[in-house]
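Chemist: Sending over a structure as structure tokens; questions will come in a sec.
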Amino acid sequence: MPRDSHSHCTSGLSIRLKRPHIAFPLGGIVKSKCSSPDSSQEFALYKNNKGIAMKRAIQRTQTLMSHVLTAGMLLSASVSAQGSPEQTSRCEDLLDLRSLTLTRAEIAENPEDGSDYCYVRGIISPAIHFHAQLPLPANWNGRFLQWGDGGKDGDLDFANHRVAEGYAVTNSNMGHDNGVEPGASFAFNNRQAEIDFGYRAVHLTVVAGKRLVREYYGDTAEYSYFEGCSQGGRQAFMSAQRYPQDFDGIIAGAPAFNYQGLNAAGTWNLQRVFRDNLVGNLAVDTDGDGSYDSLGLVNVLHEKVLEKCDANDGVQDGVINDPLSCDFNPAVDLSDAMCPSGSSTDSCFTTAQLQTINHLYNGPSDDSGRAVYPGKMFGSETRWPGYYIPWEGNNMGPSKLMGVAGDHMNYLFYEEDPGVTVPDVRDLNYQAKTTGVMPEFHWIDWNINDFFSGKGDLMKSITDANDPDLSRYLVDAGGKMLIYHGLVDTLIIATDTINYYNEMVSQTFAGSMAEAQDHARMFLAPGMGHCRGGPGPDTWDKLVPLVEWVENGNAPDSVIATHSTAGEVDNERPLCVYPQQARYVGPAGGADDTANWQAANFQCQ
């Protein structure tokens, strides 16, 4: 049944636009039909929020001009559209809503198809910025869609393609501005920001969005959906667990539901790679000039893994269909690729490098042997450098370090933040100043034993969405859920999602896979990376099969995914509902012929 039973009111402050209004490119204030921000109120809110108002005020002042100047480039909603007077009035009238604090409502042009839509922005106190993309009434398909976020978020994401399809779409910044407080710094001594990020923002944005839908269209949405990957996948799980009435159907891709576990793993993995002055780094300095200029070892490792397991599914296509059944053993299968004692090149492995490989495959455990998070999947090796391997191509700052591990443990793991980040997270010799007015904390000093010590329990309760009992959503509320995950995702490991799904089957459906599949289905994508990309088929419309299931009762047994190179499809496979896998059943002897890599030549078994 439609999920639109909320009657909550939301309130907040009028805001200075993060992306400037077309008519006020430097001031960034929309004054038409709404009031200007009350700076004294805003300051009071932050002052009461753990005493960090002054820090934020300084940051906002310092970044305002650069923020305004770059904001125009980020604006995905073109406001040059000229709607009819009736359309314009209907949209602008939303600013009169007393139950929402709205700062902008105007006709915009969708860059996806050139159609007009009503673009709305607002704020939910104290700092959740949200926006809505509302198709004109004649173009609305009667559905509401909440669009998920990525990373630590902090900005507003557009779903122009879904608006073009007729969906009324909402999204939020999860309660902070990444332009002012990048990474996890928004959470510094700020419990409210942590709660907004953890679960409050996604729910209250739904409430606000459904209120806008009722007002703008004069009717409630017939069906409500959520679509997200990564952080959006965590939001999807959080919605199912905490707010089971919000959505009729949920899409959760590469879900970061085990949020503290995956960030602990990222920090621990980097500690292993950076240890002892990079003695086990898989990038190599080939000319002795001090720069790690070659990733040759990563390619050697990947080829060894493919040699062992690529053909296990009967097709040699550079993709391991079932990494969990791959029996690659680095100590054995790399024995002929070990360097002579004392040497190091980009074509053979040292003992320290072999140790790094084992660390990454096995994943972190504390000193008592308790596993914190799964290790990397076999077949994912060529995707490691972007996240974990420091080399000259990323200026010795892999993205997992610069964007995640470098500050997560400072601000988003402990109940009481241990200190601010060090000046350069790549400087392993820097001694953090642990005393004084502004103590520092260096990620390299984080102790994996803290994970199960209880020190992170509060933040786990705020950010983790790992409750396997989904009975309130899947059974009581009758919701449907589609989960998907790429099997060479090296940021969020598919093993964790597989384990969660199996536990959900056990806890919610007493171990009945058949009953679970009536409510929640999972699709694993061989060769797909984090949300997209990779050597395997990674492209399909996730929302179409969910809508067909929710509205017509036709559950998907498989979805057809494609891989393209230079815009040309060169691989096509069915992704099968878990636990089935696609097997080649095409022309005999033709499994390795790319001309036969078509969905019709594969069968779910």
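Every read-out reported here was derived from the displayed coordinates using simple, explicitly stated rules and does not represent laboratory data. For clarity, every value in this text was computed on a predicted model and none was experimentally measured. Positions of Cβ are backbone-derived with ideal geometry, glycine not excepted, and every protein chain shown enters the neighbour counts.
Chemist: Angle, helix 351-362 long axis vs. longest principal axis of the chain, Cα atoms, 0 to 90°, nearest 10?
Modeler: That works out to roughly 50 degrees.
Chemist: Can you compute the FRET efficiency between Asn447 and Asn189 using 1/(1 + (r/R0)^6), with r the Cβ-Cβ distance and R0 = 22 Å? Round to the nearest 0.05. Could the numbers behind the result be given before it?
Modeler: Values: r = 21 Å, r/R0 = 0.97.
Result of the calculation: an efficiency of 0.55.
Chemist: So, one more: Assuming R0 = 22 Å, can you tell me the calculated FRET efficiency for the pair Asn299 and Val279, based on Cβ-Cβ distance, to the nearest 0.05?
Modeler: Numbers: r = 21 Å, r/R0 = 0.94.
Step by step, r from the Cβ atoms, then E = 0.60.
Chemist: Based on alpha-carbon positions alone, could you give the equivalent ellipsoid semi-axes of the chain from the gyration tensor, as √(5λ), descending, whole Å?
Modeler: On the way: eigenvalues 324, 205, 99 Å².
Largest first, the chain gives 40, 32, 22 Å.
Chemist: Taking only Cα atoms, what is the 0 to 90° angle, nearest 10, from helix 543-552's long axis to the longest principal axis of the chain?
Modeler: 70
Chemist: For the chain, take the longest principal axis of its alpha carbons; what is the angle in degrees between that and the long axis of helix 231-242, to the nearest 10 within 0 to 90?
Modeler: With rounding to tens, the tilt is 70 degrees.
Chemist: Separate question: Report, for the chain, the % of DSSP beta bridges that are antiparallel, rounded to 5.
Modeler: If we restrict to bridges inside the chain, about 60 percent are antiparallel.
Chemist: Follow-up question, since we're still on this one. Please state the relative contact order of the chain as a whole percent: Cα pairs under 8 Å, 6+ residues apart? Write out the running numbers ahead of the final one.
Modeler: Values: 1255 pairs, mean separation 67.4, N = 605.
Worked out over the chain, it gives 11 percent.
Chemist: While we're looking at this one, here's another question. For a quick check: sort Met438, Met174 by the number of other beta carbons within 10 angstrom, fewest at the front.
Modeler: On the way: Met438 9, Met174 28.
With the sparsest Cβ surroundings first, the list reads Met438, Met174.
Chemist: Something else now. Ignoring everything except DSSP H segments at least 4 long, calculate the 222 nm mean residue ellipticity for the chain; use -39,500 (n - 2.57) per segment, divide by total residues, nearest 500. All intermediate terms of the calculation are to be shown ahead of the outcome.
Modeler: Working: 17 runs with 176 residues, N = 605.
Calculated from helices alone, the mean residue ellipticity at 222 nm is -8500 deg cm²/dmol.
Chemist: What is the spin-label model distance, in nm, from Asp367 to Gln580 if the labels are put 7 Å beyond Cα along the C-beta direction?
Modeler: Spacing of the two 7 Å Cα→Cβ label points: 5.0 nm.
Chemist: Ok, one more. If you take every residue apart from Glu503 with its C-beta less than 10 Å away from the C-beta of Glu503, what net charge results, scoring Lys and Arg +1 and Asp and Glu -1?
Modeler: Working: positive: none; negative: Asp467, Asp469.
Here the charged neighbours net out to -2.
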